1. Would you tally the residues in the range 81-114 being modelled with pLDDT of 80 or more and either in contact with a Ser or Thr (Cβ under 9 Å, 6 or more places away or on another chain) or closer than 29 Å to residue 152 by Cβ (or both)?
2. Collect the residues in the range 167-202 that are touching an Asp or Glu at 6+ places or on another chain (Cβ under 6 Å) and modelled with pLDDT under 80, keeping them in residue-number order.
3. Checking residue 164 against (1) at pLDDT below 60; (2) within 30 Å of residue 123 (Cβ to Cβ); (3) not in a loop (DSSP other than H, G, I, E, B), only one condition comes out false. Which one?
4. Just the residues that are part of a strand (DSSP E or B) and either without any contact (Cβ under 8 Å) to a residue 12 or more places away in the chain or exposed (fewer than 10 other Cβ atoms within 10 Å of the Cβ) (or both), please, taken from the range 36-83.
5. Tell me, please, whether a residue that is of a type in the set (A, V, I, L, M, F, W, C), modelled with pLDDT of 65 or more, assigned to a strand (DSSP E or B) and surrounded by 10 or more Cβ atoms within 10 Å (Cβ to Cβ) can be found in the range 138-146.
Amino acid sequence: MAKQLRKVFDPSVDEVKQKFVVNSWHVSQSVDALTGIEDYDITISGSLTVTGSILQTGIENANGIAVDTVVRDSSTGKLYVTSSTGGGGVNTNIYSADGSLTSTRTLESDGNNLTFEFDTADFTLNSDPTQKVIISNLPTGDQAQVLSVNPSDGTIRAMDTASFVMNTDTGSFVYSGSFDSTTDTITLYSTDIDYDLDLSGLAGDSGLAITASYTG
């Protein structure tokens with residue numbers, strides 16, 4: 001347990017008071033406390049002015065408790081308490097104010113999950129057309145789905161599809177198509193093979209099947 005600075009060591013016998021003898025331990029306790037030779041609890045009433053660096057060690061972890069942030073007025077040097085991490089007493093907490101990054105930031109989960117709950121509100125991500133939104137290392141799902149983007153409002157939806165072969169690498173992915181009205185042919189374009197679907201057999205009541213061919 002830390003010691004306390006004292007004025008009275010032995011009442012009426014050994015005190016730091018007028019008409020009492022000044023002993024060495026009256027002074028040494030202050031030296032020990034301010035130089036860190038021994039642990040002392042020091043309480044200051046009034047203002048404290050410090051010139052130079054302040055080094056703090058042994059601070060306890062907040063462990064999720066409600067805390068305030070100490071900020072410094074750059075013009076006066078005074079310290080203030082605020083509920084935000086911004087300066088000047090302005091609350092820049094993400095929950096109550098907008099903010100801007102001043103440099104690149106990385107959020108490490110360190111094994112912890114990060115969940116955004118938007119049951120009654122929209123989650124909006126605005127990006128310049130020249131920039132990219134990158135999602136890396138997504139796991140493979142058991143049920144085939146694709147993400148669709150509505151070009152009118154940017155809404156992203158997950159869509160189930162039965163057109164993909166499960167657990168099999170098909171080696172290609174259809175990304176666009178066209179229809180030739182002169183030959184009644186639909187062409188499906190992929191990265192490596194284009195598929196031609198001949199629809200001419202559907203004309204009339206012949207009941208002919210659709211034929212397909214591909215070009216490398």
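1. Residues flagged as modelled with pLDDT of 80 or more and either in contact with a Ser or Thr (Cβ under 9 Å, 6 or more places away or on another chain) or closer than 29 Å to residue 152 by Cβ (or both) within the range 81-114 amount to 1.
2. Within the range 167-202, 172, 199, 200 meet the criteria.
3. Single failed check for residue 164: (3).
4. From the range 36-83, those part of a strand (DSSP E or B) are 40-41, 69-72, 79-82; that's our starting set.
Scanning the range 36-83 gives 70, 79, 80.
5. yes
The values are calculated or read from the model by the stated rules, or taken from the named source; none is laboratory data. Please read these numbers as outputs of a predicted model, since none were measured by experiment. With ideal geometry, Cβ positions are generated from the backbone for all residues, glycine too; neighbour counts draw on all protein chains shown.
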